[in-house]
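The values are calculated or read from the model by the stated rules, or taken from the named source; none is laboratory data. Bear in mind the structure is a predicted one, so any value in this text is a computation, not a measurement. Cβ sites come from the backbone with ideal geometry, for glycine too, and all protein chains shown count toward neighbours. Side chains included, ligands, DNA and RNA excluded: accessible areas come from the protein's heavy atoms. Shrake-Rupley method; radii C 1.70, N 1.55, O 1.52, S 1.80 Å.
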Amino acid sequence: MSDLSQRDRACMLGVLSSCLLLGLPTLSAAEHAPKADSLKVEIDNRIEAGWKGQGVTPAAITSDSEFLRRVSLDLVGRIPTIAEVRGFLADDKPQKRERFVDRLLSSPEFAHHAATILRRMWIPQTDTQEFKRLIFDYESWLARRLRERAPFDELVRQQLCVPVNGMAVPINPDGDEIGSSAFIAVSDMKPEILAANTARAFQGINIDCAQCHDHPFARWTREQFWQTAAFFTRPSTDVAQPNAALTIAVDDTEMTVEATLFTSKPVKWPNKIRVGTGRELLADWIISSENPYFARNAVNRMWANFLGTGFIEPLDDLSGAIPASHPQLLDRLAEAFVQSDFDLRFLVRTIVLSRSYQLSTVSPSGSSWVDDPQLFAQMPTRSLTGEQLYNSLRTAAGLKQDVTATHLGYRKHPRQKFAARFLVQRPSEGQRALVQTLLLMNGSLTGEATAAGQTPLLVAIESAPFLSDKERVETLFLATYSRRPSEGEGRSLADHLKQSEDRSAALADIFWALLNSSEFNTNH
């Protein structure tokens, strides 16, 4: 043990924590936290009513360490830094969870991680080999617009209405209000594919089967499918067409249908139709208050993203055939989202501060896992996405993040290449494959992160003269698990470190074992 005073040791520990902030900007307090307290109470009351009705005992509220790690992974796509962990655990002021959430939501990191979430929500095709080239440019555009606080509905409209040429390339890519053409590109600019993808991504409606015949289980007809597709057709010429609506020929028939909304509300066509008019009219209706699907779809998908399961499952079946687990709550959240002018941060903040989100993954004593996940009585353990795992490995090791290195482009960007190897469709259902486990154990990123005597974290821990072996082990736990080790964990690993002839290698071995554990590789 060092002869330094407790005060000096605490000061130096703070310096060590600060040096591991990875060069990221300090997160300032939110400018103004959304006034969602009453809405949070509504969420909790309606969910708790479901527990009482089913005689279910919910899990306990999760610990500060677990909440900190969970919300950091969910909002900024990485585990917290050592400095963030120490600061949060030492904070004894009221509402520290609310304040930390507001700091994360105000950070540039939130915009970048939210861009990844929205990409998978809106154009999951980009996770395929055919369209992966679109990922980087699309997420860069989304992140920029999210940093600018662009409303959720505006993001959708810009994608549907972006002016493109015949190859789905934006006509004015440098314009301030231009959208990304990726959504149109993954649909090959075909009206029928655009119709299906638009209904699924932005309205939570699966109309794919109605392309060839009336939907066997839902109310959508083949005619409605092609009426939607007609909005994406191009006029026969760029010259104005007065007093006419867009039409499309139905495949394998002699029938031609006119562009018509799901609600059969008359479309107010302009006197002159130009290229893009149909997309603009459809987009205006999709994001309008008259559309019963848009806001509910956004809420349902975001709730599922953070709690593992939506109010309605599958997520693309909001047609009414499947009842919501909490219909009044879904409608109330959708209403509040509209009233917030489609403020994504407002919606996210409301969800992650709810009681359901803050529940433990551990079942109450004497009970078992609740069979119905839509009761939201226990938080599910979720796999880390490839992006979360990549960012967290670098964060734990003290390596600089490179998620904003736009000059690298997609093909050379290590984050995207790594994430593609650890693709998870639904984190609440994901399981690590053997080849992925071996890749994590022996891959180049893990090797870089655990290099003895080289990784910033390991160098800082080994070279700090004021740290005891027990404190070195504690720092490794804070860096990986966002918690302090148990008495048994700390003692056994400190003894192992003390007895090792090569302390650098021993520290690296302990760090490697922690990074490859299920506790590090899951969001719990």
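Computed from phi, the 3J(HN,Hα) profile of segment 387-394 under the Karplus parametrisation 6.51, -1.76, 1.60 (θ = phi - 60°) reads 5, 4, 5, 4, 4, 6, 4, 5 Hz, with x in place of Gly and Pro. The residue list 123, 62, 73 was ranked by how far each Cα lies along the charge dipole of segment 61-151 toward its positive end, using unit charges on Cβ atoms, and 123 comes out on top. Equivalent-ellipsoid semi-axes for segment 272-375 (Cα gyration tensor, √(5λ), whole Å, largest first): 33, 15, 11.
Based on the Kirkwood approach, the hydrodynamic radius assigned to segment 111-166 is 11.7 Å, with every pair of different Cα atoms included.
Using only side-chain charges placed at the Cβ, +1 for Lys and Arg and -1 for Asp and Glu, the dipole size of segment 57-175 relative to its Cα centre rounds to 100 debye.
Only protein heavy atoms count here; under a 1.4 Å probe, residue 510 has an accessible surface of about 10 Å². Using a cutoff of 8 angstrom between alpha carbon atoms and counting only pairs six or more residues apart, the relative contact order for segment 246-331 works out to 15 percent.
Measuring nothing but how far apart in sequence close Cα pairs (under 8 Å, 6+ apart) lie, relative to its length, segment 299-405 scores a relative contact order of 23 percent.
Among 261, 288, 309, flag the residue with its Cα farthest along the positive direction of the charge dipole of segment 225-333, charges on Cβ as +1 for Lys/Arg and -1 for Asp/Glu. Result: 288.
Computed with every protein chain present, the accessible area of residue 135 is close to 10 Å² [probe 1.4 Å]. For the set 74, 137, solvent exposure ranked by accessible area (probe 1.4 Å, protein chains only) runs largest to smallest as 137, 74.
Over all orientations, segment 411-524 has a Cα convex hull whose mean projected area works out to 8.3 square nanometres.
Inter-label distance, residue 93 to residue 51: 2.9 nm, where each label sits 7 Å from its Cα along the C-beta direction. Checking the Cα-Cα distances for 93/470; 40/93; 190/272; 400/498; 52/265 against a 32 Å cut-off, the pairs over it are 52/265.
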